[in-house]
1. Looking at region 53-68, I want the residues that are farther than 15 Å from Ala40 by Cα and have a partner that is not hydroxyl-bearing (Ser, Thr, Tyr) with Cβ atoms under 6 Å, at least 6 apart or on another chain. Which pairs are those?
2. Please go through region 180-215 and give me each residue that is touching an Asp or Glu at 6+ places or on another chain (Cβ under 8 Å), surrounded by fewer than 16 Cβ atoms within 10 Å (Cβ to Cβ) and over 21 Å from Met125 (Cβ atoms), ordered by number.
3. For Val199, are the conditions met, namely being part of a helix (DSSP H, G or I) and at pLDDT 80 or above?
4. Does Phe158 satisfy the condition of being modelled with pLDDT under 90 and among the aromatic types (Phe, Trp, Tyr)?
5. Modelled with pLDDT of 95 or more and surrounded by 14 or more Cβ atoms within 10 Å (Cβ to Cβ): does that describe Asp165?
6. For region 40-50, name all the residues that are in a helix (DSSP H, G or I) and modelled with pLDDT of 70 or more.
7. Of everything in region 168-196 that's under 18 Å from the mean Cα position of the chain (by Cα) and small (Gly, Ala, Ser), which residue is modelled with the highest pLDDT?
8. Of all residues in region 114-149, which are in contact with a Ser or Thr (Cβ under 6 Å, 6 or more places away or on another chain) and closer than 17 Å to Phe169 by Cβ?
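The values are calculated or read from the model by the stated rules, or taken from the named source; none is laboratory data. Predicted model, so just to flag it, every value in this text is computed and none were measured. Quick reminder, even Gly has a Cβ in these numbers, built from the backbone with ideal geometry, and neighbours come from all protein chains shown.
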Amino acid sequence: MMQSEFQQELLRTQIEIQEQTLKNISEEIHDNIGQVLSLAKLHLNMIPPADENAHVKVNDAKNLVSKAINDLRDLSRSLHGEKITEIGLKEAIASELKTLQNIGQFKTSLKVTGNHYKLVNQKEMVVFRMVQEALHNALKHSRASAVWVEIDYQQDLFNLCVSDDGIGFDSLYQNPVETGIGLKSMKNRAALIEGSLLVDSAVGRGTNIRIKIPQ
């Protein structure tokens, strides 16, 4: 019993350190890089019109800087745990999927069923980090054309599934090093919030990662 409690506390401490690190990175992006880009955009706006060719190039540069500012703002928000808690799990996942789709590699969608409720005790932030991990690995390894997230708010069970139509792998003989799923980290996070993680995949049939949390 004491060993189990020690492991839980150690895991909780590790996650708190990770969250603080991500928060620091988020604030650095917002306060420094974001401000520099905003200043660069201001300078571009002050360039007087010249010939048509130069005008087009300046406008292209302004659009690129604007896109970089928006992308960094989304990235900063996705790293900042407190902001995730503020906007809620559904909105945070929707924003993450939008950012992912903007990369242009595959289509994304979010489906929500049941009566929405808020998970307690920072569980939403932990679930969001697990979703981020699943999406990151889909982007990196799945070769998918589509990724979708389904959230089902049942009265006694919170159910979330991240799926893709990629190449998949043999989940009966899964190797985290080879698949890149990062199962150990995700399963640890699930255990911390008294939930479970199930990975269902087969070669050529995509991957489904299901998170269940009793209410």
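1. Close Cβ pairs (under 6 Å, with a partner that is not hydroxyl-bearing (Ser, Thr, Tyr)) amount to His55/Pro49.
2. Residues satisfying the conditions are Ala202, Val203.
3. It is false that Val199 is part of a helix (DSSP H, G or I) and at pLDDT 80 or above.
4. no
5. Considered against the rule, which asks whether it is modelled with pLDDT of 95 or more and surrounded by 14 or more Cβ atoms within 10 Å (Cβ to Cβ), Asp165 comes out as no.
6. Scanning region 40-50 gives Ala40, Lys41, Leu42, Leu44, Asn45.
7. Among those that are under 18 Å from the mean Cα position of the chain (by Cα) and small (Gly, Ala, Ser), it is Ala190.
8. Answer for region 114-149, where residues must be in contact with a Ser or Thr (Cβ under 6 Å, 6 or more places away or on another chain) and closer than 17 Å to Phe169 by Cβ: just Val147.
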